[in-house]
Each structure stands twice: as structure tokens, then as C-alpha cells.
Amino acid sequence: MAQALGELVPIGGGDAVPLIREVMTVGRRKSNDICLDFSNVSGQHCEFTFKNGVWYVRDLRSQNGTKVNGERVTQRVLRPGDLLSISKHEFRIEYHLTPEAAEFIENSSEAVEDIFSQSLMEKAGLSKPKSSRDD
């Protein structure tokens with residue numbers, strides 16, 4: 001098995017999910033790298049990418065959204081210990097952040113999501129994006 005680059009630890013118990021590839025999809029479909037077989041999870045819900053020693057999450061226009069530390073996001077840098085909600089399913093991301101990766105996060109504009117990419121209602125999870133689709 002490949003060396004894990006990190007893991008998703010389910011909040012409330014359960015086995016941790018190893019993050020073993022630099023790009024991993026999450027969703028209800030069995031073809032995803034991480035299958036969450038729940039009706040409130042979209043067929044392809046979100047994607048994790050490991051770049052420059054840092055994990056990112058990108059929502060794939062899911063119906064019920066992806067949140068980081070309670071805030072609905074379209075994409076976001078994930079710091080070790082961040083709380084991630086995939087629909088209503090909560091995880092904590094754990095991985096080793098090298099000093100170079102920590103410096104990259106601090107100095108990178110990629111660490112901050114485009115604040116105009118969503119309405120405040122979407123960020124709060126109170127409305128759905130106009131382009132969302134139900135997979």
C-alpha cells in the first residue's frame with residue numbers, strides 16, 4: 001500500500017480514511033476514491049488535492065455542500081486539524097505540515113478562497129449555488 005499523505009478522521013468515531021494519492025475524489029458513487037454511500041452525498045461531491053505539501057479541498061458543485069470549519073467553500077487550503085463537513089458527515093484532516101509547506105500557506109494567495117465566488121447566503125449554507133446539480 002502507498003504511504004499515506006494524511007488521513008480523514010471521522011468525528012464521532014470510526015476508521016480513519018487514509019489519503020494515499022495526490023488527487024482523490026469523494027462521493028456516493030463507487031467509482032470515487034473515497035465512497036460515502038449516503039443519500040445526502042452527491043455522486044461526485046468533492047476532490048482532495050495534495051500540492052506543495054498542502055492538502056486542498058474543492059467542492060464539485062455538490063447539492064449539500066462542503067464546509068471547512070463550518071464555512072461552506074468552493075475550494076480551500078486544509079490545515080492539519082481543520083474540520084471538514086461533506087454534506088452532514090464530519091471529518092478532521094490530519095497530516096504532517098513541513099516548515100516549507102507552512103510558509104507556503106502563510107505566503108500564498110491560494111490559501112484564501114476568492115471571497116466573491118459565493119454569496120454570503122451560500123457561504124452560510126443557507127442557499128444552494130445557482131449552478132448546482134443533483135448527481
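Some points to look at:
- Subset tally (residues that are open to solvent by 50 Å² or more (accessible area, probe 1.4 Å), out of contact with any Leu (no Cβ under 9 Å at 6 or more places or on another chain) and under 23 Å from SER62 (Cα atoms)) for region 1-32: 4
- Within region 33-54, being touching a helix residue (DSSP H, G or I) at 6+ places or on another chain (Cβ under 7 Å) and either part of a loop (DSSP other than H, G, I, E, B) or open to solvent by 80 Å² or more (accessible area, probe 1.4 Å) (or both) holds for ASN52, GLY53.
- Meets criteria (surrounded by fewer than 17 Cβ atoms within 10 Å (Cβ to Cβ) and within 21 Å of GLU106 (Cα to Cα)) for ARG58: yes
- Scan of region 82-103 for residues that are hydrophobic (A, V, I, L, M, F, W, C) and open to solvent by 30 Å² or more (accessible area, probe 1.4 Å), ordered by number: LEU83, LEU97, ALA102
- Residue count, region 62-81 (criterion: crowded, with 17+ Cβ neighbours inside 10 Å and not polar (S, T, N, Q)): 9
- Taking each residue of region 87-99 that is of a type in the set (Val, Ile, Thr) and looking for partners that are exposed (fewer than 15 other Cβ atoms within 10 Å of the Cβ) with beta-carbon atoms closer than 8 Å, six or more apart or interchain, yields ILE93/GLY81.
The values are calculated or read from the model by the stated rules, or taken from the named source; none is laboratory data. This structure is a prediction, so every number in the text was calculated from the model and none was measured. Using ideal geometry, Cβ is built from the backbone for each residue, glycine included, and neighbour counts are taken over all protein chains shown. In case anyone asks, the SASA skips ligands and DNA or RNA and just uses the protein heavy atoms, side chains included. Shrake-Rupley method; radii C 1.70, N 1.55, O 1.52, S 1.80 Å.
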